[in-house]
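**Student:** Below: one structure in structure tokens.
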Amino acid sequence: MSQIANPPDADWESVLQFVNDPLAMDFAQREKAAAQIPTPPHSHDGSPSVDDGEGNTLVSISTTFHPGAQLNPLAPDVVMVSLDGVFFYVHSATLLAVSSNGFDGRLPRPTPLNPANKELDPFITIPEHSSVLNILLHTVYDMSCAHYSPPFPTLCAAVNRLPTYGLAAKNHIAPSTPLYTLLLAYAPLFPLELYALAATYDLYDLAVTTSSHLLGFPLFSLTDEMSERIGPVYLKRLFFLHFGRSDALKRVLLPPPQPHPPTLGCNFDEQKKLTRAWALAAAYLAWDARPDLSTSTMESALRPLADHLTCEHCQTALRDRIKNLVVQWSVVKRTI
């Protein structure tokens, strides 16, 4: 957010002309643009302003949604003011096009009798902190706010406020949308919270991608509150993911290396030693049966079996079996 200082008695339009000073505009163009953009009221009219102690008035204006921003061919016709006194210059037509309730009833829709929407109040107070409102407006304009580096709790707060302003979460948090991409970046850090958020609004694609980061999550530690947030459908899917991978691990581990035809130095009785050793190692891995078991852990537990084999055919059979096991485990589904 940017702050602009001006003497208390100065005309607000001069401030906005300064803010709206794209380098390519001449004086006449700036004067015309300023006439089209609603200007903040004077401080005695209740605008959120701060005195810097030197007789200047400080007004915070969004660095993205400011009067000179080229977000729309038309000039902004609405100024939204956040709880902490930041001005956001936006276009009512853009907001009405995506909101099902006139942005919580704050924007009246044009009617045949009032096509110019003369009832529109150019100054609207939004009961949200500027950080949340900033995300909401970036979402409306289908723009990324990643450069602001919003923390995860603030993103969650903004997502939870989407329905309040008539914004469908499924439309704005879909693959390839800016908000989806930004949320997904937090999946490695907050997988359970993000999965719960996706479940709350039935954001299936986001839940699927996030679920791969929950393979190592201990399901027994789920609290009642988190279980309620996730809901029965997505909770069942998460449990089935864990149980399914654990069962799949046991299935792919069970078969021992293929025996080879008897030789002078290695008959079927000798080969049973490898079968028993494989069964013990496989039981060790299957005992824990973690859904997030890595292929490297699997290999490190099974490859030492070759140290006790003197038969080259048995060693080859063991290597082939481990290689096949790794391939089988790597293709087991990792998401809900």
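**Student:** Is there any pair with a first residue in region 120-145 that is on the phi < 0 side of the Ramachandran plot and free of Cβ contacts under 8 Å to residues at least 60 places away in the same chain and a second that is part of a strand (DSSP E or B) and open to solvent by 10 Å² or more (accessible area, probe 1.4 Å) whose Cβ atoms are under 8 Å apart and which are 6 or more apart or on different chains, and what are they?
**Tutor:** 124/81; 125/81; 126/81
**Student:** Could you list, in sequence order, all residues of region 218-267 that are open to solvent by 100 Å² or more (accessible area, probe 1.4 Å), in a loop (DSSP other than H, G, I, E, B) and either of a type in the set (A, V, I, L, M, F, W, C) or farther than 28 Å from residue 280 by Cβ (or both)?
**Tutor:** 254, 264
**Student:** Could you list, ordered by first residue, the pairs with Cβ atoms under 6 Å in which the first is in region 165-187 and touching a residue at least 40 places away in the same chain (Cβ under 8 Å) and the second is outside any helix (DSSP H, G or I) and surrounded by fewer than 19 Cβ atoms within 10 Å (Cβ to Cβ), at least 6 apart or interchain?
**Tutor:** Pairs found: 166/100; 166/101; 178/144.
**Student:** Checking the structure you have, find out if any residue of region 49-70 is at pLDDT 90 or above and in contact with a His (Cβ under 6 Å, 6 or more places away or on another chain).
**Tutor:** no
**Student:** Pairs under 9 Å by beta carbon, first residue on the phi > 0 side of the Ramachandran plot in region 81-94, partner part of a strand (DSSP E or B) and of a type outside the set (A, V, I, L, M), six or more apart or different chains?
**Tutor:** Close Cβ pairs satisfying both conditions: 85/60.
**Student:** Test residue 293 against the criterion of being modelled with pLDDT of 90 or more, within 43 Å of the chain's Cα centre (by Cα), surrounded by 16 or more Cβ atoms within 10 Å (Cβ to Cβ) and assigned to a helix (DSSP H, G or I), and give yes or no.
**Tutor:** no
**Student:** Please identify the pairs in which a residue from region 300-329 that is in contact (Cβ under 8 Å) with a residue 40 or more places away in the chain has its Cβ atom under 8 Å from the Cβ atom of a residue that is among the aromatic types (Phe, Trp, Tyr), counting only partners at least 6 apart or on another chain.
**Tutor:** The qualifying pairs are 318/278; 321/278.
**Student:** For residue 177, are the conditions met, namely being out of contact with any Cys (no Cβ under 8 Å at 6 or more places or on another chain), crowded, with 17+ Cβ neighbours inside 10 Å and not aromatic (Phe, Trp, Tyr)?
**Tutor:** Criteria not met by residue 177.
**Student:** Another question, then. Failed condition for residue 113, given (1) at pLDDT below 95; (2) within 23 Å of residue 89 (Cα to Cα); (3) not β-branched (Val, Ile, Thr), with all others met?
**Tutor:** (2)
**Student:** Restricting the search to region 166-184, which residues are part of a helix (DSSP H, G or I) and of a type outside the set (Gly, Ala, Ser)?
**Tutor:** Passing the criteria: 170, 171, 172, 178, 179, 180, 181, 182, 183, 184.
**Student:** Let me ask another. Might you let me know whether region 275-293 holds any residue that is in contact with a Lys or Arg (Cβ under 6 Å, 6 or more places away or on another chain), within 30 Å of residue 220 (Cα to Cα) and not β-branched (Val, Ile, Thr)?
**Tutor:** Checked against the condition, which is being in contact with a Lys or Arg (Cβ under 6 Å, 6 or more places away or on another chain), within 30 Å of residue 220 (Cα to Cα) and not β-branched (Val, Ile, Thr), region 275-293 yields at least one hit.
The values are calculated or read from the model by the stated rules, or taken from the named source; none is laboratory data. Please read all numbers here as calculations on a predicted model, not as lab measurements. Note that each Cβ is placed from the backbone with ideal geometry, even for glycine, and that neighbours are counted across all protein chains shown. Heavy atoms of the whole protein, side chains included, go into the accessibility calculation; ligands, DNA and RNA do not. Shrake-Rupley method; radii C 1.70, N 1.55, O 1.52, S 1.80 Å.
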